[in-house]
Amino acid sequence: MSFINYAQKMVRENIREYGMFIALFIIMMVFAITTNGLFISSRNLVNLVNQTGYIAVLAVGMTLVIVIRHIDLSVGFLAGFLGAVAAIAMVSWHLPVYVVIPMILILGIVAGLFTSFLVAQLGIPAFVATLAGWLGYRGALQLITISTGTIIIPNETFNAIGNGFIPDIPDIGILPGVHKLTLILGLLAITLFITNELITRRRMQKHNFEILPAGIFTLKLVFVSALIGGIAWILAGYQGLSWTAVVVLIVVILYDFITSKTVLGRHIYAVGGNPEAAELSGIRVKKITHVVFASMGMLSALSGILFAARLRSATTVAGTLFELDAIAAAFVGGVSAAGGVGKVMGSLIGALVMTSLTSGMNLMGIDISYQYIVRAGVLVAAVIFDVATRSQGK
Amino acid sequence: MKPIEEAIPVVEMRNIKKNFGAVQALRGIDLALHHNEVLGLVGDNAAGKSTLMKVLSGAYIPDEGEIFLEGKKAHLSNPMDARRQGIEMVYQDYALANNLDVAANVFLGREVVRIRLGPIGVMDHRHMEQETKSLLNRLKIDISSVRQKVERLSGGQRQAVAIARSTAFNAKVIIMDEPTAALSVAAIDKVLDLVRELKAQGSSIIIISHRLEDIYQVSDRMIVLRQGRKVSDTPVEGDIHEFRERVVAYMIGARDDFREKTVAG
Ligand SMILES: Nc1ncnc2c1ncn2[C@@H]1O[C@H](COP(=O)(O)OP(=O)(O)O)[C@@H](O)[C@H]1O
Ligand SMILES: [Mg+2]
């Protein structure tokens, strides 16, 4: 097969995965032009990453929830509520930040297990159970902030999670004004990526598995390396890698590992693909449901922490519409509404798409009502794309 | 001379009874399957074939009766339990996860783990893919890549994967419920070839089919069920027309080899 043929076949078979990269690229280009380059300035892109953080972690959790054919509408106000609990714990109870963060994450897990109890044990549709959660957590958020209103968080360590940047190595005279540790980390990531790809390829070759043709393989290496390098360079031009970005990277890498390399991940996708077959194969569908909702609860807590830290405060409306952004991010990122299909990496890209839309339209001064309509359009387009590429694949 | 163990049936079901409310689905059925034998199970709709096999595969607990595996009394509390004891069932609707690839389906629920980090097991992809590859080769199953998603396979290929999966872990007995029901003629022939191949490699198989020619082609022996009772247990022989007439006579109740026994009991 010739290079061109092969490339065509690859694009056709992986259109769902490339689709969202193309979408992100187009959106960025459009905003770059309409804002006279403001959108792709280092400063705005760093902001964009930080704004994406609290949606991205939700989207990662939502990916798994949708993969096992459920939905979680409660994540936004759960995040808002737990963010407020974190603020109260620090401000009124004077708990140290190192106690507060684990405590909030555990509360998130408990909340997730409560949902999965309703869904898996009592058989209540997730849509209904989490709609109740949406109402309940919203009420709880208003209740605990009713006497104080917005709670200002004075703890700088906590706030750094949403606003701070990783420290740089001491200045050594070269590249002044550039965040060198960020560049070094970028180079490290590229090196790790390339060595990993080469080792895998050699091992595959040794055992006679199909591998990408050398041309495509090189292209892939160059493209991904350039992408990582480009992002590192842009971030380094401002203040470097933010703590939010670090948190998101850790979450995405961890979840990507679990979903693609572990038995647990395999079982999650099996449950999504065919719950009866999974059960007959000895996979406990209920257990998987508990794990997935518990993880969703924990990531909701993390989202609440990131958001409260970013605003340096807990507000009475924190978390409003986060669930819709997270669900939209997952669909834009290639998660299938039918279940069983979707990758956390994709949902990260999806989250970037959704936040880029918000950020770009804000920069352009577009009215919020139009913004909602545009985001609705993107969500519908993503699902239509999903349905269309699925039926074509058969 | 045959080794002694071969004289003991791989599976023996004795006097199995199962009611669903007022419906007497199984009314005291005896069934034996010998080593390296293909046993055909036939009967009209609702005769109790699927129920009997679900009892054997652990999906139903019988109201009465005993099951012996290689002469030892067995307790089968659920499908996974039965599977661990060497009873594999290929379900009518394949029971595969279409969103996963061939290797993932073959090893579903029995993934090979490379490293264990607490509750998290890291899979050995390479090992599972290689095992799947050689399994498909051994069974002469024509699938180009073990990394193909099952949703991209044809019906016949899916059935082949489901059957291959049932043989991957040294099963004592493989049960197939209507393995050809949803297939094209060409695909049916491939599945029947696969059954013969499994027999040639030493498997013991029970196959349910409403297509009598399938049973005729691959089975050594045949049991006919009618209204929850066994009415015939005979070797498959003679020409196909004579065979068909004989089976139909049992199926509609014109002949019954076990009537006396029921009346006496
Ligand atoms: N889960 C069940 N609940 C109630 N009745 C059942 C169930 N499974 C089977 N039956 C009844 O038992 C009888 C035998 O069914 P089955 O074993 O499926 O027959 P076959 O596979 O030979 O067509 C039928 O009357 C059927 O309606
Ligand atoms: Mg049946």
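In segment A:184-196, is there at least one residue being assigned to a loop (DSSP other than H, G, I, E, B) and surrounded by 11 or more Cβ atoms within 10 Å (Cβ to Cβ)? If you could, list the steps in order and put the result at the bottom.
Within segment A:184-196, the first condition is being assigned to a loop (DSSP other than H, G, I, E, B), and the residues that meet it are none.
Within segment A:184-196 (the criterion being assigned to a loop (DSSP other than H, G, I, E, B) and surrounded by 11 or more Cβ atoms within 10 Å (Cβ to Cβ)), the answer is no, since none of the residues qualifies.
Across segment A:3-59, the number of residues qualifying as of a type in the set (S, T, N, Q) and surrounded by 14 or more Cβ atoms within 10 Å (Cβ to Cβ) comes to 9.
How many of the residues in segment A:276-303 are within 11 Å of chain B (Cβ to nearest Cβ) and open to solvent by less than 30 Å² (accessible area, probe 1.4 Å)? If you could, list the steps in order and put the result at the bottom.
We begin by selecting, within segment A:276-303, every residue within 11 Å of chain B (Cβ to nearest Cβ); these are A:276-284, A:287, A:291.
With the extra rule that they be open to solvent by less than 30 Å² (accessible area, probe 1.4 Å), the set shrinks to A:277-278, A:281, A:283.
Residues flagged as within 11 Å of chain B (Cβ to nearest Cβ) and open to solvent by less than 30 Å² (accessible area, probe 1.4 Å) within segment A:276-303 amount to 4.
Here B:Thr234 fulfils each of the conditions (1) of a type outside the set (Asp, Glu); (2) free of Cβ contacts under 8 Å to residues at least 60 places away in the same chain; (3) part of a helix (DSSP H, G or I) apart from (3). Within segment B:43-58, being away from chain A (no Cβ under 14 Å), within 8 Å of ligand 1 (Cβ to nearest atom) and of a type outside the set (S, T, N, Q) holds for B:Gly43, B:Asp44, B:Ala46, B:Ala47, B:Gly48, B:Lys49, B:Leu52. Could you check how many residues of segment B:84-130 are more than 18 Å from the chain's Cα centre (by Cα) and free of Cβ contacts under 8 Å to residues at least 24 places away in the same chain? Number of matching residues: 18. Restricting segment A:254-266 to residues that are open to solvent by less than 30 Å² (accessible area, probe 1.4 Å) and more than 7 Å from chain B (Cβ to nearest Cβ), the residue that is farthest from B:Leu100 (Cα to Cα) is A:Tyr255.
Yes/no matrix, rows are residues, columns are (1) in contact with a Gly (Cβ under 8 Å, 6 or more places away or on another chain); (2) away from ligand 1 (no atom under 16 Å from the Cβ); (3) more than 14 Å from every other protein chain (Cβ to nearest Cβ):
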{"residue": "B:Leu139", "(1), (2), (3)": "no, yes, yes"}
{"residue": "B:Asp142", "(1), (2), (3)": "no, yes, yes"}
{"residue": "B:Arg147", "(1), (2), (3)": "no, yes, no"}
{"residue": "B:Arg152", "(1), (2), (3)": "yes, yes, no"}
{"residue": "B:Gly155", "(1), (2), (3)": "no, yes, no"}
{"residue": "B:Ala162", "(1), (2), (3)": "no, yes, no"}
{"residue": "B:Arg165", "(1), (2), (3)": "no, yes, no"}
{"residue": "B:Ala168", "(1), (2), (3)": "no, yes, no"}
{"residue": "B:Ile175", "(1), (2), (3)": "no, no, no"}
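Among residues that are farther than 28 Å from B:Gly155 by Cα, within 16 Å of ligand 1 (Cβ to nearest atom) and touching a Pro at 6+ places or on another chain (Cβ under 6 Å), B:Ile61 is not included.
Name the one entry in A:Leu95, A:Leu107 that is open to solvent by 30 Å² or more (accessible area, probe 1.4 Å), at pLDDT 95 or above and more than 16 Å from A:Met296 (Cα to Cα).
Values: A:Leu107 fails: more than 16 Å from A:Met296 (Cα to Cα).
Going through A:Leu95, A:Leu107 in turn, just one is open to solvent by 30 Å² or more (accessible area, probe 1.4 Å), at pLDDT 95 or above and more than 16 Å from A:Met296 (Cα to Cα): A:Leu95.
Would you check if B:Gly109 is on the phi > 0 side of the Ramachandran plot and either in contact with a helix residue (DSSP H, G or I) (Cβ under 9 Å, 6 or more places away or on another chain) or within 16 Å of ligand 1 (Cβ to nearest atom) (or both)? Criteria met by B:Gly109.
Name the residue, out of A:Ile66, A:Ile27, A:Ile55, that is closer than 20 Å to A:Gly346 by Cβ and more than 16 Å from the chain's Cα centre (by Cα).
A:Ile27
Suppose we filter B:Gly71, B:Gly40, B:Gly28 for residues that are touching a residue at least 40 places away in the same chain (Cβ under 8 Å), within 16 Å of ligand 1 (Cβ to nearest atom) and out of contact with any Ser or Thr (no Cβ under 7 Å at 6 or more places or on another chain); which single one remains? Steps first, answer last, please.
On the way: B:Gly71 fails: within 16 Å of ligand 1 (Cβ to nearest atom); B:Gly40 fails: out of contact with any Ser or Thr (no Cβ under 7 Å at 6 or more places or on another chain).
The match here is B:Gly28.
Considering the conditions (1) open to solvent by less than 20 Å² (accessible area, probe 1.4 Å); (2) within 17 Å of the chain's Cα centre (by Cα), A:Trp243 is excluded by exactly one of them, (1).
Looking only at residues in segment B:184-207 that are outside any helix (DSSP H, G or I) and surrounded by fewer than 17 Cβ atoms within 10 Å (Cβ to Cβ), the one that is nearest to ligand 2 (Cβ to nearest atom) is B:Ser184. Checking each residue in segment B:177-214 for being within 16 Å of ligand 1 (Cβ to nearest atom) and touching a helix residue (DSSP H, G or I) at 6+ places or on another chain (Cβ under 8 Å) picks out B:Asp177, B:Pro179, B:Thr180, B:Ala182, B:Ile206, B:Ile207, B:Ile208, B:Ser209, B:Arg211, B:Leu212, B:Asp214. Here B:Ala181 clears all of (1) within 14 Å of chain A (Cβ to nearest Cβ); (2) in a loop (DSSP other than H, G, I, E, B) except the condition numbered (1).
At least 3 residues being surrounded by fewer than 21 Cβ atoms within 10 Å (Cβ to Cβ) is the threshold, and among the helices (runs of 4 or more DSSP H) wholly inside segment B:54-143 those reaching it are B:79-84, B:125-138. Annotation: of all residues in segment B:74-83 being free of Cβ contacts under 8 Å to residues at least 24 places away in the same chain and among the small types (Gly, Ala, Ser), the one that is nearest to ligand 1 (Cβ to nearest atom) is B:Ser77. Of everything in segment B:4-14, what is in a loop (DSSP other than H, G, I, E, B) and either within 16 Å of ligand 1 (Cβ to nearest atom) or crowded, with 17+ Cβ neighbours inside 10 Å (or both)? Give them in sequence order. Selection gives B:Pro9, B:Val10. Summed over segment B:15-53, residues that are in a loop (DSSP other than H, G, I, E, B) and either more than 16 Å from ligand 2 (Cβ to nearest atom) or open to solvent by less than 50 Å² (accessible area, probe 1.4 Å) (or both) total 8.
Evaluating B:Val231 against the criteria (1) in contact with a Phe, Trp or Tyr (Cβ under 6 Å, 6 or more places away or on another chain); (2) modelled with pLDDT under 90 leaves one unmet condition, (2).
The values are calculated or read from the model by the stated rules, or taken from the named source; none is laboratory data. It should be emphasised that the depicted structure is a prediction, and the values quoted were computed from it without experimental measurement. Neighbour counts are summed over all protein chains in view; Cβ atoms, including those assigned to glycine, are modelled from backbone coordinates with ideal geometry. Ligands, DNA and RNA are stripped out before the accessible areas are found, and what is left, the full protein with its side chains, is counted by its heavy atoms. Shrake-Rupley method; radii C 1.70, N 1.55, O 1.52, S 1.80 Å.
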